[in-house]
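Quick notes on the structure that follows.
The values are calculated or read from the model by the stated rules, or taken from the named source; none is laboratory data. All of these numbers come straight from a predicted model, not from anything done at the bench. All Cβ positions, even for glycine, are placed from backbone atoms using ideal geometry, and neighbour counts span all protein chains on display.
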Amino acid sequence: VDIYPSQSDLENKTNQLHDFNPGFGDPVNANGDRTFWTTAIPICSVNVDFQAGKAEMRVSHLDIEDYFNLPNSLKDGQSIPATVAFDVVWGGDVTRRLDVRDPAHGFEGRFKEQPATVVFAAKEDGFTFVSNPANTTRNLFAEIGRERNGSLFV
Amino acid sequence: MLMSDLSALPRLGSILLDPDAGAWTSEPARHATLADTLSVSVQPSKLGAVIAVDSARLEAASSAIGAGLTAVQTADNDDSLFDSVRSLADDPQTHAAPLPIPGGVSNPFGGPFIHHNFPGPADAPPPFGNEPSTITDLNGDIGVALVRGTGTDGNGTTLYFEADLRFMQGRYLDVSGAPHDGAFGFL
């Protein structure tokens, strides 16, 4: 989650103030592959009713990091502890339904492209942020899906 | 992990798959099923109430999230918005580490390879779309939300945010190939 001081800075990706993410995971093999900005969340923080085209991810008090800007984050640079909370709600009109089977990339699934809204809050030493109400969210792309991948893609 | 390495992982086969998942002729009822035994995965009645577009409730949620964070700041007395499991320590899942997807993009800043595709249609070529999950060996539900919005800091200053938030929930194989039921967030 990236925070900027102005709309133009957001558009141009300049003067970024905060970059909240969990960082890279630990290496999982000899190649040093690591999960990217992915962290465990309580299993009941996610509710999905795929048939109805509804889903919600609601997480509070998640301890992550603030890397302040994207370059520093991608370099796995210095960060400070931060706590975030967010409520993401998928719903509304489905603009596109698609079934995908992609052996080249090892996944298949059924997907519904439909809007989402977000409420987000963050806190760290010396800084707090609370987003405006969810209905002010500008949706750029959102989808829910039901998929299988990797060795579970058969 | 390379795609060629996937064959070395245990293949649990059809026990992980819904009976209706192969044909995709109708809406699959569910994918991963272990969550059912935990009785914590899907709560349609609650979800319906949440999804109903209720701006007052959503505004309340925004305020309550802030209140929740304040609670963290001031005391361990957690009276935040959320009525379910509030911390990983209370969560019944194991949180065994998952594997990243094989694909992704090279890191332009010299850091680790980025096992992640940008948000976009699942039928688009990577990295702008395609596989939305950031973990592999997954059989479950995903959600992707790329949004922009505004908010305020502690001084009342308006700030602007962009967020790519995702969930991955269902059955997955951990780094040792053992199956688990769990949920992961990308942010």
Inset, instruction - Looking only at the stretch B:145-154, decide whether some residue is touching a helix residue (DSSP H, G or I) at 6+ places or on another chain (Cβ under 9 Å) and farther than 29 Å from A:PRO5 by Cβ. - result: no
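Residue-by-condition table, conditions (1) more than 21 Å from B:ASP141 (Cα to Cα); (2) crowded, with 24+ Cβ neighbours inside 10 Å; (3) of a type in the set (D, E, K, R); (4) in contact with a Cys (Cβ under 8 Å, 6 or more places away or on another chain):
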{"site": "A:ASP33", "(1), (2), (3), (4)": "yes, no, yes, no"}
{"site": "A:ASN47", "(1), (2), (3), (4)": "no, yes, no, no"}
{"site": "A:PHE50", "(1), (2), (3), (4)": "no, no, no, no"}
{"site": "A:LYS75", "(1), (2), (3), (4)": "yes, no, yes, no"}
{"site": "A:HIS105", "(1), (2), (3), (4)": "no, no, no, no"}
Legend entry - Failed criterion for A:GLN51 (all others in (1) facing chain B (nearest Cβ under 7 Å); (2) assigned to a strand (DSSP E or B) hold): (2)
Legend entry - Qualifying residues in the stretch A:112-144 (those that are within 7 Å of chain B (Cβ to nearest Cβ) and in contact (Cβ under 8 Å) with a residue 60 or more places away in the chain) - the one surrounded by the fewest Cβ atoms within 10 Å (Cβ to Cβ): A:PHE127
Inset, instruction - Test A:THR95 against the stated conditions and say whether it is facing chain B (nearest Cβ under 7 Å) and hydroxyl-bearing (Ser, Thr, Tyr). - result: no
Legend entry - Matching residues, the stretch B:113-135, being in contact (Cβ under 8 Å) with a residue 24 or more places away in the chain and among the small types (Gly, Ala, Ser): B:SER133
Legend entry - For A:ASN47: the one exception among (1) farther than 20 Å from A:GLN78 by Cα; (2) in contact (Cβ under 8 Å) with a residue 12 or more places away in the chain; (3) among the polar types (S, T, N, Q): (2)
Legend entry - Breaking point among (1) touching a strand residue (DSSP E or B) at 6+ places or on another chain (Cβ under 7 Å); (2) more than 7 Å from chain B (Cβ to nearest Cβ); (3) not β-branched (Val, Ile, Thr), for A:ASN31: (1)
Inset, instruction - Could you run through the stretch A:59-73 and say how many residues are buried (at least 23 other Cβ atoms within 10 Å of the Cβ), at pLDDT 95 or above and closer than 26 Å to A:ILE144 by Cα? - result: 2
Legend entry - Any chance A:ASP66 is touching a His at 6+ places or on another chain (Cβ under 6 Å) and not β-branched (Val, Ile, Thr): yes
